[in-house]
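Participant: Just dropping this structure here.
The values are calculated or read from the model by the stated rules, or taken from the named source; none is laboratory data. Quantities reported herein were computed from a predicted structural model and do not represent experimental measurements. Backbone-built Cβ (ideal geometry, glycine too); neighbour counts: all protein chains shown.
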């Protein structure tokens, strides 16, 4: 492995001078190989922002010269969050495949022995050092939401009271997606937010890049390779076949009702087992809570399910969520994928609904997959939300697969807002004799077929089968909805 240590410029051998010209202030400690490790630690160049922001009367205060980074959740005046920005644009190649990205922070002070969850979020605005505070990300430019415009969450580290100890934040997925340019630039922008409940003594304080002792300062250690393998022989030609040349793609639509089963118990593990049993490649989840509401007071339910499914399958799963409340807490939809996404995004719909999107490459073709959930109780909101979703989805290339709980009955005007531009997978499979259901009806909630898989009318995508499986274990269903599993060939 080639070890790269980013440090101030110094005299080096002629070979190293050439490397300096190519990648700036990084020096190679070994010959190049398939992997390279970079440590980003220098203030102002590698770490362009590390600061605390605080709410209430201190909301306008600039903490960028402080030697500490602090977190706290209590009330409007004392809430604190940590903002950091790393220059992964200059120091990580655009084609890098991130094997590991770990942020290391050294605890300086803890108000009590209480262990607290600090969750990493990407930040959608490009904030500036000396200008960012609780209300503004730059001079005269306000956050959409005070406290920072937070995107998706990327892991939680529990911080105790071990002063002087180093706490590790795994940012591999965040750095990869930042390097891919998915968040508008190739810088890695993040906020560390205490996502636990309010308590009397939850203040945590870390050393910043201004710490007098340089060994205590933050550092982000990234190990990456390139997408082009070296010295790998080409695979042998495939044997002749008379079957379809398409690659199978299994998608699963599942309204998980906040992981509450028919026994009234909240059990993410039970939901994860249901997902794993169906062996899907992509999963659309509805009624997912984020740090609040039923079953999720102290954790991100989507992140918890992503972690459980990854553990149970032994492979890395990727996640894109949409929080219809627009902040770090709330409710929404989640996409989970075995495939590393080449793009991901989300949008909000009227009346607090949203759509999550992932672009994945299957058989050399990009397939755009979407997850949404529209209104049930207020019927006249449904056509507005569905029409908005259809318009936004048109921005993405075909083939498209749209999964969700549409709360619409087949044959209604709401249903045809989707069933006109797209094919209804269950209806097509039923016509082809490839639809199956444990209840014999295809219903996914009570006596209704409310969950759907819609897909593009293009030759690149052909439907093989659809199934509504029986998820009951010991007389209990993990949710009040049954999942819907559709199998496609991608040509």
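Participant: Is it fair to say residue 374 is closer than 25 Å to residue 178 by Cα and in the same structural domain as residue 451 (by TED's automatic domain parsing)?
Facilitator: For residue 374, the condition - closer than 25 Å to residue 178 by Cα and in the same structural domain as residue 451 (by TED's automatic domain parsing) - is not met.
Participant: With (1) in contact (Cβ under 8 Å) with a residue 24 or more places away in the chain; (2) within 27 Å of residue 198 (Cβ to Cβ) as the list, and residue 342 as the residue in question, which single condition is left unmet?
Facilitator: Looking at each condition in turn, residue 342 falls short on (2).
Participant: Can you tell me which residue among 415, 452 is without any contact (Cβ under 8 Å) to a residue 40 or more places away in the chain, buried (at least 16 other Cβ atoms within 10 Å of the Cβ) and assigned by TED's automatic domain parsing to the domain that holds residue 275?
Facilitator: 415
Participant: Checking residue 133 against (1) out of contact with any helix residue (DSSP H, G or I) (no Cβ under 9 Å at 6 or more places or on another chain); (2) not in a helix (DSSP H, G or I), which test does it fail?
Facilitator: (1)
Participant: Can you tell me which residue in region 63-105 is modelled with the lowest pLDDT, limited to those that are over 29 Å from residue 38 (Cβ atoms) and part of a loop (DSSP other than H, G, I, E, B)?
Facilitator: 76
Participant: I need a count of the residues in region 147-166 that are crowded, with 18+ Cβ neighbours inside 10 Å and out of contact with any helix residue (DSSP H, G or I) (no Cβ under 6 Å at 6 or more places or on another chain).
Facilitator: Of the residues in region 147-166, 9 are crowded, with 18+ Cβ neighbours inside 10 Å and out of contact with any helix residue (DSSP H, G or I) (no Cβ under 6 Å at 6 or more places or on another chain).
Participant: Going by what's in this entry, would residue 364 be described as on the phi > 0 side of the Ramachandran plot and free of Cβ contacts under 8 Å to residues at least 24 places away in the same chain?
Facilitator: Considered against the rule, which asks whether it is on the phi > 0 side of the Ramachandran plot and free of Cβ contacts under 8 Å to residues at least 24 places away in the same chain, residue 364 comes out as yes.
Participant: Let me ask something additional. Do we have any residue at all in region 219-235 that's surrounded by 18 or more Cβ atoms within 10 Å (Cβ to Cβ) and modelled with pLDDT under 90?
Facilitator: yes
Participant: Select from region 382-412 the residues that are under 18 Å from residue 465 (Cα atoms) and free of Cβ contacts under 8 Å to residues at least 60 places away in the same chain and write down the one among them that is surrounded by the most Cβ atoms within 10 Å (Cβ to Cβ).
Facilitator: Only one residue fits best here, namely 402.
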